[in-house]
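Beneath this line is the structure, given in structure tokens, with notes to follow.
The values are calculated or read from the model by the stated rules, or taken from the named source; none is laboratory data. Keep in mind that this is a model prediction, so the values were computed, not measured. Please note: Cβ atoms are built from the backbone with ideal geometry, for glycine as well, and neighbour counts cover all protein chains shown. With ligands, DNA and RNA removed, areas are computed over all heavy atoms of the protein, side chains included. Shrake-Rupley method; radii C 1.70, N 1.55, O 1.52, S 1.80 Å.
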Amino acid sequence: MPVAQPPSTRVRPASRWHFIAAVATWLLPGLGHLLLGQRARGWIIGVTILCLWGGGLALGGVSVIDWSRQRAWFLGQMLIAPSIAVAWQHDRLKARYLLTRGPQPAREGEPEPAFEPAYGRMAEMGTLYTALAGMLNLLAMIDVIYRDPRPKDKSKPQLAGEPA
Amino acid sequence: MTPAGVVTLAAGLFTAPLPLEHYWLWLLLPLVAGVSIVYKAIKLDDLTKLPWQAFYLFVQILLFMLLAAALIWLIVELAS
């Protein structure tokens with residue numbers, strides 16, 4: 001015989017619309033919340049995550065997103081879709097640089113490489129910023145799937161034993 | 001400045017690392033602030049409480065990191 005759960009522990013099944021909103025969050029942080037009508041929350045989450053992600057890229061340059069050398073970190077970074085485009089662009093620049101010149105440093109008169117790889121602390125901080133931004137975006141995606149977009153009705157009388 | 005110049009300048013920001021190696025520890029502050037804001041923006045139903053709640057979490061994370069750093073330093077000192 002099925003046992004009825006109290007209202008506070010009942011989990012509402014996520015609709016197809018919520019999954020579309022989660023994909024939107026993956027494409028652009030905060031967009032899923034905006035689509036669900038949570039405008040303030042969407043802007044706060046979106047701007048903060050994009051600032052962290054962009055800050056990480058500015059700190060270490062495109063070389064901090066490198067799927068061939070930092071696969072574990074890339075798992076976190078790819079939770080924001082634009083990271084995949086940056087990784088692809090990084091690979092393209094790296095391949096072009098190695099094809100035209102090889103691994104040796106630039107000689108005098110040769111054009112400068114299209115990017116400068118980061119080492120040491122800047123590479124660590126850039127990787128950390130971008131990967132943490134991705135993991136925060138995963139939290140936002142999960143939140144979008146399970147969030148009820150309807151505002152709570154505060155005029156409804158509180159029942160005994162029901163959480164506030 | 002031409003639009004192409006603006007694009008080149010913006011692209012230049014992401015093609016080379018910033019020279020902030022000597023200040024790397026301070027870079028943890030915006031990172032912790034970002035984590036606090038996003039976590040609390042997801043957790044709270046009422047966003048008017050967000051600034052204080054995020055600040056409170058920010059301080060909590062920093063204190064815990066300081067405590068962990070002190071503990072690790074102590075272990076290293078005792079071991080050497």
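Being part of a loop (DSSP other than H, G, I, E, B), at pLDDT below 60 and closer than 30 Å to A:Gly54 by Cβ, is that true of even one residue in the stretch A:148-162? Scanning the stretch A:148-162 turns up no residue that is part of a loop (DSSP other than H, G, I, E, B), at pLDDT below 60 and closer than 30 Å to A:Gly54 by Cβ.
Restrict the check to the stretch A:66-74 and report whether at least one residue is outside any loop (DSSP other than H, G, I, E, B) and free of Cβ contacts under 8 Å to residues at least 12 places away in the same chain.
Quick first cut of the stretch A:66-74, residues outside any loop (DSSP other than H, G, I, E, B) only: A:71-74.
Of the ones still in play, those that are also free of Cβ contacts under 8 Å to residues at least 12 places away in the same chain are A:71-72.
The answer is yes; a qualifying residue exists.
The requirement of being more than 30 Å from A:Pro117 (Cα to Cα) and assigned to a helix (DSSP H, G or I) is not satisfied by B:Leu27.
Can you confirm whether the stretch A:46-60 contains a residue that is over 24 Å from A:Ala118 (Cα atoms) and more than 7 Å from chain B (Cβ to nearest Cβ)? Yes: one or more hits. For the structure I just gave you, tell me whether B:Leu13 is closer than 18 Å to A:Gly56 by Cβ, open to solvent by 50 Å² or more (accessible area, probe 1.4 Å) and modelled with pLDDT under 95. Spelling it out, B:Leu13 is indeed closer than 18 Å to A:Gly56 by Cβ, open to solvent by 50 Å² or more (accessible area, probe 1.4 Å) and modelled with pLDDT under 95.
If the condition is being farther than 30 Å from A:Glu124 by Cβ, open to solvent by 50 Å² or more (accessible area, probe 1.4 Å), of a type outside the set (Val, Ile, Thr) and within 16 Å of the chain's Cα centre (by Cα), then the stretch A:20-42 contributes only A:Leu34.
Condition check ((1) part of a loop (DSSP other than H, G, I, E, B); (2) out of contact with any Pro (no Cβ under 7 Å at 6 or more places or on another chain); (3) over 26 Å from A:Ile45 (Cα atoms)) across all residues:
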| site | (1), (2), (3) |
| --- | --- |
| B:Leu13 | no, yes, no |
| B:Leu18 | yes, yes, no |
| B:Gly34 | no, yes, no |
| B:Lys40 | no, yes, no |
| B:Thr48 | no, yes, no |
| B:Leu57 | no, yes, no |
| B:Met65 | no, yes, no |
| B:Ala70 | no, yes, yes |
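Open to solvent by less than 50 Å² (accessible area, probe 1.4 Å), under 25 Å from the mean Cα position of the chain (by Cα), closer than 25 Å to A:Leu57 by Cα and modelled with pLDDT of 90 or more - does that describe any residue in the stretch A:112-126? Yes, the stretch A:112-126 has at least one match. Please work out which residue is surrounded by the most Cβ atoms within 10 Å (Cβ to Cβ), limiting yourself to the stretch B:19-59 and to residues that are more than 22 Å from A:Leu138 (Cα to Cα) and within 7 Å of chain A (Cβ to nearest Cβ). Among them, the one singled out is B:Leu27.
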